[in-house]
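See below for the structure under consideration.
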Amino acid sequence: QVQVVESGGGLVQPGGSLRLSCVASRTIFTTMAWYRQAPGKQREMVASITSSDSTFYVDFVKGRFTISRDNAKKTVYLQMNNLKPEDTAVYYCNTPSGPTVRYAWGQGTLVTVSS
């Protein structure tokens, strides 16, 4: 079983930037994705990246978030720019598997966007 550890969250003002990291216990060569769960809402995918570095973004983060990966470091990143209060959530990474995910969820990293 692969374990993932997310980090990089924090408190940032609207318009600010953060870079999240997700380190896996071993190299994952399949698609990886970032998810988020806002207070009182269901967890949702925000971005994914395939083994060939093809990326996908949901509409509300397009142009603001960038997902990338470094297989040598077993790490997936999420660069978040022009953050908005509605981006406030706990962010997680995992491998999509149909309607669910392949691995156990990590503890996530909290992003709070507030002035």
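Descriptive notes on the structure:
- Förster radius 25 Å - calculated FRET efficiency between Val23 and Lys62 (Cβ-Cβ, nearest 0.05): 0.45
- Accessible carbon and sulfur surface of region 31-109 relative to its total accessible area, %, 1.4 Å: 48
- Using the Cβ-Cβ distance between Glu44 and Leu11 with R0 = 25 Å, the FRET efficiency computed as 1/(1 + (r/R0)^6) comes to roughly 0.70.
- Per residue, in Å², the accessible surface of region 1-91 once ligands and nucleic acids are set aside, probe 1.4 Å: 52
- Selection from Met32, Leu11, Ser48, by position along the positive dipole direction of region 4-56 (Cβ): Leu11
- Within region 1-37, backbone nitrogen closer than 12 Å to the virtual label 7 Å beyond the Cα of Gln107 toward Cβ: 5-8
The values are calculated or read from the model by the stated rules, or taken from the named source; none is laboratory data. Predicted model, so just to flag it, every value in this text is computed and none were measured. In this analysis, Cβ positions are derived from the backbone assuming ideal geometry, glycine residues included, and neighbour counts consider all displayed protein chains. Note: accessible area is taken over every heavy atom of the protein model, side chains too, but ligands, DNA and RNA are not part of it. Shrake-Rupley method; radii C 1.70, N 1.55, O 1.52, S 1.80 Å.
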